[in-house]
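Mind looking over this structure? Questions follow.
The values are calculated or read from the model by the stated rules, or taken from the named source; none is laboratory data. Values in this document were obtained by computation on a predicted structure and should not be read as measured data. Cβ sites come from the backbone with ideal geometry, for glycine too, and all protein chains shown count toward neighbours.
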């Protein structure tokens, strides 16, 4: 990628993080806000960025209310300030989870389904924050980030069993087998 063409506001694409916009240029790196991956620093020497569109001189680009809401939600989500609005599947509302120990002398544990579901959603949200922190870490190199990301992806895959609880498919856990 030719660094001469890069300016703040340039739309770029990364093979792993998707489309993003250059928000700041440091001495050795571009600070890019990716639509799905959050804020990342990409070394200027990286060959993984492709320029999609350079900002036109003197042209002011309008931002829609929807884009503004998405940007604010992304920032709040990155810092763990945005509560997840995830709905429990209708058939599970009012249900309960029963845990029966193998020892009959011990009492079974009953957990209301909505409480159990909130715990599952919290695990998912914390994995997402962990993922964003890894991606934006200045102390980890790209190889280390990818290595740790693989464990997070496997954790998502292990949690796919709980997808049956979600009302909407876009809230599902996705392991390495799905995009």
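Sort through 109, 169, 174, 119 and tell me the only one that's in the same structural domain as residue 89 (by TED's automatic domain parsing), within 14 Å of the chain's Cα centre (by Cα), closer than 24 Å to residue 88 by Cα and without any contact (Cβ under 8 Å) to a residue 24 or more places away in the chain. Spell out the reasoning first.
Numbers: 109 fails: within 14 Å of the chain's Cα centre (by Cα); 169 fails: within 14 Å of the chain's Cα centre (by Cα); 119 fails: within 14 Å of the chain's Cα centre (by Cα).
Checking each option against the conditions leaves just 174.
Residue by residue, here is whether (1) closer than 25 Å to residue 33 by Cα; (2) assigned to a helix (DSSP H, G or I) holds:
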site: 104; (1), (2): no, no
site: 114; (1), (2): no, yes
site: 126; (1), (2): yes, yes
site: 129; (1), (2): yes, yes
site: 132; (1), (2): yes, yes
site: 137; (1), (2): yes, no
site: 146; (1), (2): yes, yes
site: 163; (1), (2): no, yes
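Looking at (1) surrounded by 17 or more Cβ atoms within 10 Å (Cβ to Cβ); (2) within 15 Å of the chain's Cα centre (by Cα), which is the one condition that is false for residue 12?
Tallying (1) surrounded by 17 or more Cβ atoms within 10 Å (Cβ to Cβ); (2) within 15 Å of the chain's Cα centre (by Cα), residue 12 fails exactly one: (2).
Further question on the same structure: What about residue 80, is it touching a helix residue (DSSP H, G or I) at 6+ places or on another chain (Cβ under 9 Å), modelled with pLDDT of 85 or more and not in a helix (DSSP H, G or I)? Give the derivation first.
Values: touching a helix residue (DSSP H, G or I) at 6+ places or on another chain (Cβ under 9 Å): yes; modelled with pLDDT of 85 or more: no; not in a helix (DSSP H, G or I): yes.
Taking the combined requirement at face value, the residue does not satisfy it.
Filter segment 122-141 down to the residues that are closer than 16 Å to residue 29 by Cβ and in contact (Cβ under 8 Å) with a residue 40 or more places away in the chain, then identify the one that is farthest from the chain's Cα centre (by Cα). Step through it out loud before you land on a result.
Here is the first cut: in segment 122-141, the residues closer than 16 Å to residue 29 by Cβ are 135-141.
Narrowing the set further to residues that are in contact (Cβ under 8 Å) with a residue 40 or more places away in the chain leaves 135-136, 138.
Values: 135: 10, 136: 12, 138: 18 Å.
Looking at the filtered set, the residue picked out is 138.
Next up: Looking at (1) under 16 Å from the mean Cα position of the chain (by Cα); (2) closer than 30 Å to residue 44 by Cβ, which one does residue 155 not meet, given that it meets all the others?
(2)
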